[in-house]
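Chemist: Quick one: structure below, then a few questions.
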Amino acid sequence: MYNVTITKKAERSAKMMPRAVQNKLKALLQSLKVSGPIQPLFWHYSKLGDNRYHCHIALNWVACWTCENGSINIEVYYVGSREKAPY
């Protein structure tokens, strides 16, 4: 099991998403807890660089997270529109 945290900013953004997208985010968070940072089954999943990852949780919504090599701690640092995504 991995420890998954979400930043306050990402949490505030998540509350503004449609309910269906929030449910997909919950599924992603659960999958991160169980499987770790590599999530190839999620739509447009990719590694962004050193220890950073992202995937689309809906057409216009993305989530970004980080996990240090060998660590069991994952931090979701961005949840929001893909236009404003930090990548």
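We did not get these values from a lab; they are worked out from the coordinates using the rules stated. What you are looking at is a predicted structure, and each value in this text was computed from that prediction instead of being measured. No Cβ is skipped: glycine too gets one built from the backbone with ideal geometry, and neighbour counts run over all protein chains shown.
Chemist: I'd like to verify a number: residues in the stretch 34-53 that are surrounded by 14 or more Cβ atoms within 10 Å (Cβ to Cβ) and touching a Phe, Trp or Tyr at 6+ places or on another chain (Cβ under 6 Å), how many?
Modeler: Result for the stretch 34-53: 5.
Chemist: Okay, moving on. Here are some conditions: (1) outside any loop (DSSP other than H, G, I, E, B); (2) touching a residue at least 24 places away in the same chain (Cβ under 8 Å); (3) of a type outside the set (A, V, I, L, M). Residue 37 meets all but one. Which one does it not meet?
Modeler: (1)
Chemist: If I go through the stretch 59-87 residue by residue, how many of them are surrounded by 15 or more Cβ atoms within 10 Å (Cβ to Cβ), within 22 Å of residue 15 (Cβ to Cβ) and either of a type in the set (S, T, N, Q) or touching a residue at least 24 places away in the same chain (Cβ under 8 Å) (or both)?
Modeler: Looking only at that region, the number is 13.
Chemist: Look at residue 38 and say whether it is of a type in the set (A, V, I, L, M) and in contact with a Pro (Cβ under 7 Å, 6 or more places away or on another chain).
Modeler: no
Chemist: Is there a residue being within 11 Å of the chain's Cα centre (by Cα) and not in a strand (DSSP E or B) anywhere in the stretch 45-63?
Modeler: Looking through the stretch 45-63, at least one residue is within 11 Å of the chain's Cα centre (by Cα) and not in a strand (DSSP E or B).
Chemist: Shifting gears a bit: For the subset of the stretch 69-85 comprising residues that are more than 13 Å from residue 32 (Cα to Cα) and in a strand (DSSP E or B), which member is farthest from the chain's Cα centre (by Cα)?
Modeler: Ranking the candidates gives 81 first.
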